[in-house]
Amino acid sequence: MKKSYFLPLGVALILGFVSCNEANEEPVVVNPFDTISVSSNDARDKIVVISDLHLGNDLSYSENVKHLQRLEEFLNEVRSSATIRELVLGGDIFDDWYVPTRIDAYGDGSQADFIRKTVAANQGVFNVLNGIIKDGKIRLTYIPGNHDMGFTAESVDVALPGVNQARDSEVKYGIGTYNPEGYPQIAIEHGHRYDFFCAMTPNANEEDAPGATLPPGYFFARIAANSFTDPTTKEDATKVPLVTLNDQANAEQRSKYIYYNLWKTVMEDVIYVKDDFSKPIIKTNVGNYTKIYSINDIIPKNNPVDGSIQMNLYNGIFTQDNWDERLKYNNVDVMTVIDTAIVGSLHTTFIDEQSNVQYFSNSNSSARLVVFGHTHEPMIKSYVNLDKEPCLYVNSGTWEDQKARDKNVTIDQDRLKMHFVIISPIQSDKKKLQVSLNQYRYGKHVLMEREELRL
């Protein structure tokens, strides 16, 4: 199958170099987005999707530092393309989650101040994004993710004045599903609403944070930041205290025990830290949380009186009824099993599979092409809906850096991550789309997978 950016040799020679007859002319630069042979290439008809940029406001610990220059280059290619109609930012564009625990993310400032600092730290990227908006040729659409779920539309507008924001409602501004104009069969969302750790969690900690909806994943991310900014070894890491399931007949207790084992696995094998679990170190001041919490406040423990498994935070969210209500709050159509969802927060195939569960196998949905981010696992998967029609799921991957605890380790960041999706109508058949998953490797467009879909 020929690559989407292929050009016949003769055309490449004409377009890519200085004319021999006019040596003083500026060379004509071929934009890779404008060379997709099946597209019209004489009209703006392509939709580009990127997600999980994780732009932080302090480059000393932000998740996207090494990829910033490439991201700016890529966005300039988008901006200069003559055939792109829309760039969709599919969530986790901003990030007030990945902040080391001892840092007060907002300090004495506001959310808008945090946004302004983020823009300043990533000025080149925002210059291009705002240039796209001001040009008025390419629509720029923003969808919230979990790492930026708390940002209001007004705060986002501080960074990107005039950006199109796809949110489910003004009240539930932390989620959004986007159907590009003219394509009701395309659904683009971040994917966090199905994640037990990352879906908005109302009424979970009313005594500590009235009205808060931040999920447990927020605290997970804060601890994870410590793991890389103040690293230790697995051997020297603080061990998770032992918890015992003493009432196996109790469904809530079983769910808490599953949750505990997930935390134990992650804290001892993935984001291990050397912190004292009992010490208040997690400074919040985000999403109505104003206290300083310890890691023990987040992790299940046995009650010393009756031996039951309890938690200081999120203690009441471990029933199927509560999970169902939480899913409904997040505008989820098809309910899932709480224990499966808890485990699925670590094993990300569960999240990707929700494209099929919530869309293709759901009689209430007409979507045929679904795009998520969130899991950072780029892929294209084929499905068949209830009407036996072919469907496609695409995950747009991430632009965050590859992290390492050893700062002396050399990582070739230029070949890692930096994924994007191109949706192109086929010139010869306007009802058919070419959907490609690509990587921006060494500043070049590298095709990873490509499929066609007739709508």
(message) So for region 49-72 (the condition being in contact with a Ser or Thr (Cβ under 8 Å, 6 or more places away or on another chain), aromatic (Phe, Trp, Tyr) and more than 24 Å from residue 167 (Cα to Cα)), does at least one residue qualify?
(response) yes
(message) Out of the helices (runs of 4 or more DSSP H) lying entirely within region 122-240, which hold 1 or more residues that are of a type in the set (Phe, Trp, Tyr) and surrounded by 23 or more Cβ atoms within 10 Å (Cβ to Cβ)?
(response) 216-229
(request) Output the residue which, of all residues in region 290-349 that are farther than 18 Å from residue 214 by Cα and among the charged types (D, E, K, R), is farthest from the chain's Cα centre (by Cα). (result) 306
(request) Starting from residues that are small (Gly, Ala, Ser) and either part of a strand (DSSP E or B) or at pLDDT 95 or above (or both), keep the ones in region 403-455 and report whichever is nearest to residue 186 (Cα to Cα). (result) 424
(request) Report whether or not residue 82 is part of a loop (DSSP other than H, G, I, E, B), surrounded by fewer than 19 Cβ atoms within 10 Å (Cβ to Cβ) and either of a type outside the set (Asp, Glu) or in the same structural domain as residue 422 (by TED's automatic domain parsing) (or both). (result) yes
(request) Return the total of residues in region 346-405 being surrounded by fewer than 19 Cβ atoms within 10 Å (Cβ to Cβ) and of a type in the set (A, V, I, L, M). (result) 7
(message) Testing residue 254 on (1) within 15 Å of residue 313 (Cβ to Cβ); (2) assigned to a helix (DSSP H, G or I), one condition comes back false. Which one is that?
(response) (1)
(request) Mind counting the residues in region 292-343 that are free of Cβ contacts under 8 Å to residues at least 24 places away in the same chain and in contact with an Asp or Glu (Cβ under 7 Å, 6 or more places away or on another chain)? (result) 2
(request) Quick one: residue 76 ticks every box in (1) outside any loop (DSSP other than H, G, I, E, B); (2) buried (at least 19 other Cβ atoms within 10 Å of the Cβ); (3) in contact with a helix residue (DSSP H, G or I) (Cβ under 9 Å, 6 or more places away or on another chain) except a single one, so which number is it? (result) (2)
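The values are calculated or read from the model by the stated rules, or taken from the named source; none is laboratory data. The structure presented is a predicted model; accordingly, all values stated were derived computationally and were not measured. Here Cβ is always computed from backbone atoms with ideal geometry, including for glycine, and neighbour counts include all displayed protein chains.
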